[in-house]
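The values are calculated or read from the model by the stated rules, or taken from the named source; none is laboratory data. These numbers were taken from a predicted model, which means no experiment stands behind them. Heavy atoms of the whole protein, side chains included, go into the accessibility calculation; ligands, DNA and RNA do not. Shrake-Rupley method; radii C 1.70, N 1.55, O 1.52, S 1.80 Å.
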Amino acid sequence: MDIPQFELERWLDEYEPDADLMLAESGVRSLPADRFDLDVGELGYVIPTDGKPEFRAEIAERYGRDAEEVVLTCGTQEADYLTFMSLLDEGDHSVVVSPTYQSLASVPESIGEVTRVRTEPPAWDLSVDAVAEAMRPDTRLVVLTNPSNPTGKYLGPETMRALYDLVADNGAYLLVDEVYRMLADDPHPPAAALGPKAISAAGVSKSYGLAGARLGWVVADPETADAVRKWKDYTTISPPLVGAHIARQAMGDQEADILEANRAHATANRERVADFVDRHDLEWFEPTGVNGFVTVPDGFESGKEFCRTLFEAESVVLAPGEVFDYPDRFRIGFGLHTEELEEGLERIARHIENRR
């Protein structure tokens with residue numbers, strides 16, 4: 001298994017430690033730990049190691065599934081990874097909708113073959129017909145993020161139903177990373193609710209502002225969920241005890257308050273970025289979530305040049321479009337604290353004006 005370097009993570013590792021402002025972060029500003037009960041007693045494993053049955057049942061109810069179809073993981077990244085390892089054998093073919101988070105293409109590509117279906121601006125619409133053309137008799141999996149990372153495009157129920165029917169009719173699985181879904185003002189039904197050939201991966205990192213909890217989950221048919229459990233025994237064994245304890249509180253009595261506040265925060269900050277984009281004659285698709293995929297300003301050759309020179313001049317980190325295979329763009333995260341976003345936008349504006 002030969003896997004490529006994770007370009008986004010290497011970029012952040014190079015620039016984030018010395019930066020004043022981090023506008024490449026892709027989640028909502030983190031919640032303080034002191035709003036939760038942190039007393040878990042002894043710091044042992046979560047038992048059973050796929051997650052406490054009561055919590056899994058609560059999550060399963062949201063998807064119209066049973067507790068046995070839910071596996072708790074160490075974040076959504078592990079949920080995605082374990083699903084790939086469970087479903088794909090050497091040489092299997094996958095279709096991946098792009099742009100996307102790199103691991104959703106790189107991991108299946110390291111196991112078998114991948115055909116990418118590119119979506120394009122300004123609307124980043126997905127053509128189900130294009131997915132059909134990309135599929136082969138040996139296609140095992142179709143993969144996408146919804147809402148999209150990095151574009152913020154949120155595909156509606158009709159598109160998702162048509163996509164599911166296509167995938168299921170061809171005997172494949174549909175894997176949807178939905179870690180930003182709960183930031184939508186009116187979230188659509190999750191992918192796993194479409195039917196047994198759909199798999200949802202999600203977690204509390206992004207929508208709930210709990211990246212440090214490292215708590216995610218896979219919702220899949222019983223056979224796939226059992227395979228995920230088997231693979232998890234070889235990775236992290238159990239989900240994090242403290243993270244699961246916090247996540248259950250965040251998805252329980254505190255959920256309505258957390259999501260209302262996070263959605264309002266995302267909306268207000270998105271409006272600030274929209275004004276910035278308009279003032280500087282840039283283009284983007286106004287996103288669901290807290291990521292925007294913005295065109296590189298005039299005077300810069302590429303996303304990497306713009307982001308590198310911005311760091312050197314203003315100590316601000318953005319994510320270049322090259323790490324998503326779209327070099328004429330950059331990703332900005334606007335879920336951070338508002339005062340930090342405003343300061344960051346001022347520095348970016350100064351850098352753009354100094355180049356003109």
Fill in the blank from the handout: In degrees, nearest 10, the alpha-carbon axis of helix 222-232 is tilted away from the dominant principal axis of the alpha carbons of the chain by 70
Problem - On Cα atoms only, tilt of 255-279 relative to the major axis of the chain in degrees - result: 30
Exercise for the section: Quantify, in whole percent, the carbon and sulfur part of the accessible surface of segment 257-356 (1.4 Å probe; protein heavy atoms only). Expected result: 40
Exercise for the section: Kindly express, to the nearest 10 degrees and within the range 0 to 90, the angle between helix 303-314's C-alpha long axis and the longest C-alpha principal axis of the chain. Expected result: 60
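Could you give the semi-axes, largest first, of the ellipsoid that matches segment 269-356, computed as the square roots of 5 times the alpha carbon gyration tensor eigenvalues and rounded to whole Å?
So the three semi-axes of segment 269-356 are 17, 15, 12 Å.
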Exercise for the section: Classify the chain as rounded, prolate or oblate from the Cα gyration tensor: take a ≥ b ≥ c as the square roots of its eigenvalues, call it rounded if a/c is under 1.5, otherwise prolate when a/b beats b/c and oblate if not. Expected result: oblate
Practice task
Could you pull the accessible area for Asp185 with a 1.4 Å probe, rounded to 10 Å²?
Solution key: 110
Exercise for the section: Would you mind pulling out the separation of the Cα centroids of segment 333-355 and segment 84-108, in Å? Expected result: 34
Handout entry: Size of segment 3-115 as Cα extents on the principal axes (Å, biggest first)
Key = 43, 43, 26
Fill in the blank from the handout: CD proxy, 222 nm, the chain: helix-only mean residue ellipticity via -39,500 (n - 2.57) per DSSP H run with n ≥ 4, per residue, nearest 500, stands at -12000 deg cm²/dmol
Problem - Amide H contacts of Ala319 (H built 1.01 Å from N, under 5 Å, at least 5 apart or other chain) - result: Arg331
Handout entry: Alpha-carbon centroids, segment 266-331 and segment 28-66: separation in whole Å
Key = 35
